[in-house]
1. By per-residue mean of other Cβ atoms within 10 Å, what is the highest-first order of 235-247, 114-126?
2. Using only Cα atoms, tell me the angle between helix 94-108 and the longest principal axis of the chain; keep it within 0 to 90° and round to the nearest 10.
3. Note down, for the chain, the three equivalent ellipsoid semi-axes (square root of 5 times each alpha carbon gyration tensor eigenvalue), biggest first, whole angstrom.
4. Suppose every Lys and Arg Cβ carries +1 and every Asp and Glu Cβ carries -1, with no other charges. What dipole size does the chain come out with about its Cα centre, to the nearest 20 debye?
5. For the chain, what's the relative contact order in percent, using C-alpha pairs closer than 8 Å and at least 6 residues apart?
6. Helix 68-78 versus the longest principal axis of the chain: what is the Cα-based angle in degrees, 0 to 90, to the nearest 10?
7. Going Cα to Cα from residue 202, which lysines come in below 16 Å? Please leave out same-chain ones fewer than 8 positions away.
8. With runs of 4+ DSSP H residues as the only contributors, calculate the mean residue ellipticity of the chain at 222 nm using -39,500 (n - 2.57) per run, divided by the residue total and rounded to the nearest 500.
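Please treat every number below as a calculation from the coordinates, not as lab data. Note that the structure is predicted; figures quoted are calculated from it, not measured. Please note: Cβ atoms are built from the backbone with ideal geometry, for glycine as well, and neighbour counts cover all protein chains shown.
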Amino acid sequence: MKILVTVKRVVDYNVKIRVKTDGSGVELTNVKMSMNPFDEISVEEALRLKEAGKASEVVVVSIGPAKAEETLRTALAMGADRAILVETDDVIEPLAVAKIVKGVVEAEQPGLVIVGKQAIDDDSNQTGQMLSALLGWAQGTFASKVEIGDGKAQVTREVDGGLQTIEIKLPAVVTTDLRLNEPRYASLPNIMKAKKKPLDKKTPADFGVDTTPRLKVLKTEEPGGRKAGIKVKSVAELVDKLKNEAGLL
């Protein structure tokens with residue numbers, strides 16, 4: 001079975017985000033970029049399934065500018081077999097991403113697609129579900145555990161009430177949650193080898209996808225500063241402040 005994994009180039013999670021002075025978005029100039037953390041988890045899970053003999057090949061795909069090649073090479077250094085870059089400088093919304101990935105799926109014919117549940121830049125949490133709908137495949141979202149066997153997958157999902165385990169037929173789309181695994185670090189020899197591996201490059205037009213934005217960002221602003229907390233000496237004092245000062249009770 002072949003596994004297809006989507007990866008996205010985002011601002012590194014250790015970087016403090018700065019909003020542009022005109023409020024049109026966040027500042028990306030001279031900012032450290034890296035692989036979306038949820039996508040690192042997706043790559044790791046695909047590699048573990050391959051190492052367990054459940055998959056024969058891991059293919060990673062990214063949609064974005066030419067610099068997204070760095071993100072793909074990180075995935076190759078982790079252990080992925082092949083990489084596909086759908087190159088575009090446009091801002092790609094979740095629906096367009098899902099349509100492009102659908103085209104890649106139809107070309108690659110994987111038995112499983114693993115997608116990070118969301119990207120830390122836009123937090124849309126839509127691509128996996130949209131891709132499942134476009135393909136007509138089963139989906140398992142927010143996975144904290146994945147087991148493959150006999151043409152089916154058991155996916156343990158994190159829901160408000162706790163953990164829910166579902167069984168879905170393959171091929172399927174799975175979106176990963178934080179507690180699924182701990183991604184490995186790419187070794188220096190593998191990083192050097194990944195630099196020499198060829199990348200298959202495409203464009204959205206190759207899949208007949210119009211990337212014209214459907215949404216317009218009206219304003220971006222930093223969250224307001226938090227007020228300092230206070231200590232209370234008793235439960236009674238806490239209840240009094242919640243009721244009379246905060247108006248929450």
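1. Numbers: 235-247: 10.7, 114-126: 19.5.
For the peptides 235-247, 114-126, the packing ranking is 114-126, 235-247.
2. 20
3. Semi-axes, largest first: 35, 24, 19 Å.
4. Working: 37 positive and 36 negative charges, 92 e Å.
Dipole magnitude for the chain comes out near 440 debye.
5. 23
6. Result, in degrees: 80.
7. In chain and number order, the partners are 8, 67, 99, 102.
8. Details: 6 runs with 67 residues, N = 249.
Mean residue ellipticity at 222 nm (helix-derived): -8000 deg cm²/dmol.
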